[in-house]
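Undergrad: Please find one structure pasted underneath; my questions will follow.
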Amino acid sequence: MMLDLLRQLLGPWYLQIKFVHVLAMAVWIASTLVGYTYYLVPVFKAWRRNPQDQEIIALRNWAMERFDQGIIYEHIAFPLIIITGPMMYIAGGWSTATNWLLLKIIIVCLVAIPVEIVDYHISHFGGAKQRLRAAGDAEGYDRAVQRHWMFFLVTSPPIMVFSLLIVFLAVTKPF
Ligand code: HEM
């Protein structure tokens with residue numbers, strides 16, 4: 001009953017909802033690529049080679065704090081994807097009998113959502129470097145920077161593979 005009403009309301013806007021879904025997907029996947037690859041990776045590699053160098057530590061911290069800010073695009077896009085996906089699911093009369101969609105939703109729930117929840121926390125809430133610096137917590141600050149970097153090293157490879165797999169499934173609908 002409720003679903004039918006939603007389907008009637010959203011149906012005429014299917015392509016507009018899909019437009020937002022696909023645009024948000026592009027921002028989610030690509031908005032941090034340059035910042036991560038050409039700013040964070042080189043400065044953390046330099047820091048690993050010279051862990052006591054104060055100039056490199058200052059640059060590392062600056063890059064990490066900028067990244068905490070810049071990731072806001074990804075973190076606005078992700079909820080937009082997670083809201084428009086189910087809207088299309090309802091509006092288009094999709095079901096989990098569609099295998100590509102079922103696998104896609106499983107990957108989103110088991111990989112994308114858990115990783116993003118941690119990412120929100122360490123970028124904007126308890127782990128926000130700017131906030132730790134403002135509180136004068138130098139030790140907490142350094143621990144947060146190193147933990148965030150470790151998080152990136154562990155999560156970036158699977159996230160890259162699974163996010164491309166999600167898009168591949170959605171566009172090619174292979175099964
Ligand atoms: C990180 C999460 C997600 C990404 C990257 C993503 C990506 C995409 C992309 C690229 C398309 C366009 C496919 C095309 O042009 O044919 C799409 C379509 C679609 N997505 Fe997602 N999606 C995500 C999450 C979800 C979720 C959670 C749902 C549902 C609960 C969902 C349901 C759909 C549906 C129903 C379509 C429409 C298929 C069509 O009309 O051809 N998506 N998605």
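The values are calculated or read from the model by the stated rules, or taken from the named source; none is laboratory data. The structure presented is a predicted model; accordingly, all values stated were derived computationally and were not measured. Cβ coordinates were reconstructed from backbone atoms using ideal geometry, including for glycine residues, and neighbour counts include every protein chain displayed. We work out accessible area using only protein heavy atoms, side chains counted, and drop any ligands, DNA or RNA first. Shrake-Rupley method; radii C 1.70, N 1.55, O 1.52, S 1.80 Å.
Undergrad: In segment 71-94, how many are more than 8 Å from the ligand (Cβ to nearest atom) and modelled with pLDDT of 95 or more? Explain how you work it out, then say what you get.
TA: Of all residues in segment 71-94, those more than 8 Å from the ligand (Cβ to nearest atom) come to 71-77, 79-80, 83, 87, 90-91, 93.
Among the residues that remain, those that are also modelled with pLDDT of 95 or more are: 71-77, 79-80, 83, 87, 90-91.
Qualifying residue count, segment 71-94: 13.
Undergrad: Of all residues in segment 14-53, how many are away from the ligand (no atom under 16 Å from the Cβ) and either among the hydrophobic types (A, V, I, L, M, F, W, C) or outside any helix (DSSP H, G or I) (or both)?
TA: First, pick out the residues of segment 14-53 that are away from the ligand (no atom under 16 Å from the Cβ): 34-53.
Cutting the leftovers down to either among the hydrophobic types (A, V, I, L, M, F, W, C) or outside any helix (DSSP H, G or I) (or both) gives us 34, 40-41, 43-44, 46-47, 50-53.
So the answer is 11.
Okay, residues lined up against (1) of a type in the set (Phe, Trp, Tyr); (2) touching a Phe, Trp or Tyr at 6+ places or on another chain (Cβ under 8 Å); (3) within 16 Å of Ala144 (Cα to Cα):
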| residue | (1), (2), (3) |
| --- | --- |
| Phe44 | yes, yes, yes |
| Glu55 | no, no, no |
| Ala58 | no, no, yes |
| Asn61 | no, yes, yes |
| Glu65 | no, no, yes |
| Gly70 | no, no, no |
| Ile76 | no, no, no |
| Pro79 | no, no, no |
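Undergrad: Continuing with this model, one more query. List every residue pair whose Cβ atoms sit under 8 Å apart, with the two residues 6 or more apart in sequence or on different chains, where the first one lies in segment 76-92 and is farther than 17 Å from Leu110 by Cα and in contact (Cβ under 8 Å) with a residue 24 or more places away in the chain and the second, anywhere, is near the ligand (Cβ under 8 Å from one of its atoms) and open to solvent by 70 Å² or more (accessible area, probe 1.4 Å).
TA: Going by the 8 Å Cβ cut-off, the qualifying pairs are Thr84/Lys18; Met88/Lys18; Met88/Trp94.
Quick grid of which residues meet (1) more than 16 Å from the ligand (Cβ to nearest atom); (2) at pLDDT 95 or above; (3) touching a strand residue (DSSP E or B) at 6+ places or on another chain (Cβ under 6 Å):
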site	(1), (2), (3)
Thr96	no, no, no
Asn99	no, yes, no
Leu103	no, yes, no
Ile107	no, yes, no
Glu139	yes, no, no
Arg147	yes, yes, no
Pro158	no, yes, no
Lys173	no, yes, no
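Undergrad: Here is a follow-up. Is at least one residue of segment 39-50 open to solvent by 90 Å² or more (accessible area, probe 1.4 Å), over 24 Å from the mean Cα position of the chain (by Cα) and at pLDDT 95 or above? Talk me through it step by step, then tell me what you get.
TA: Applying the first criterion (open to solvent by 90 Å² or more (accessible area, probe 1.4 Å)) to segment 39-50 yields 39, 45, 48-49.
From what is left, the residues that are over 24 Å from the mean Cα position of the chain (by Cα) are 48-49.
The next check asks that each one be at pLDDT 95 or above; those that pass are 48-49.
Yes, segment 39-50 contains at least one residue that is open to solvent by 90 Å² or more (accessible area, probe 1.4 Å), over 24 Å from the mean Cα position of the chain (by Cα) and at pLDDT 95 or above.
Matching residues to (1) among the aliphatic types (A, V, I, L, M); (2) under 30 Å from Met88 (Cβ atoms):
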{"position": "Ile107", "(1), (2)": "yes, yes"}
{"position": "Val118", "(1), (2)": "yes, yes"}
{"position": "Ala135", "(1), (2)": "yes, no"}
{"position": "Asp142", "(1), (2)": "no, no"}
{"position": "Arg147", "(1), (2)": "no, no"}
{"position": "Pro157", "(1), (2)": "no, yes"}
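Undergrad: Going by what's in this entry, would Ile29 be described as of a type in the set (A, V, I, L, M) and surrounded by fewer than 16 Cβ atoms within 10 Å (Cβ to Cβ)? First the steps, then the outcome.
TA: On the way: of a type in the set (A, V, I, L, M): yes; surrounded by fewer than 16 Cβ atoms within 10 Å (Cβ to Cβ): no.
Against the criterion (of a type in the set (A, V, I, L, M) and surrounded by fewer than 16 Cβ atoms within 10 Å (Cβ to Cβ)), Ile29 does not qualify.
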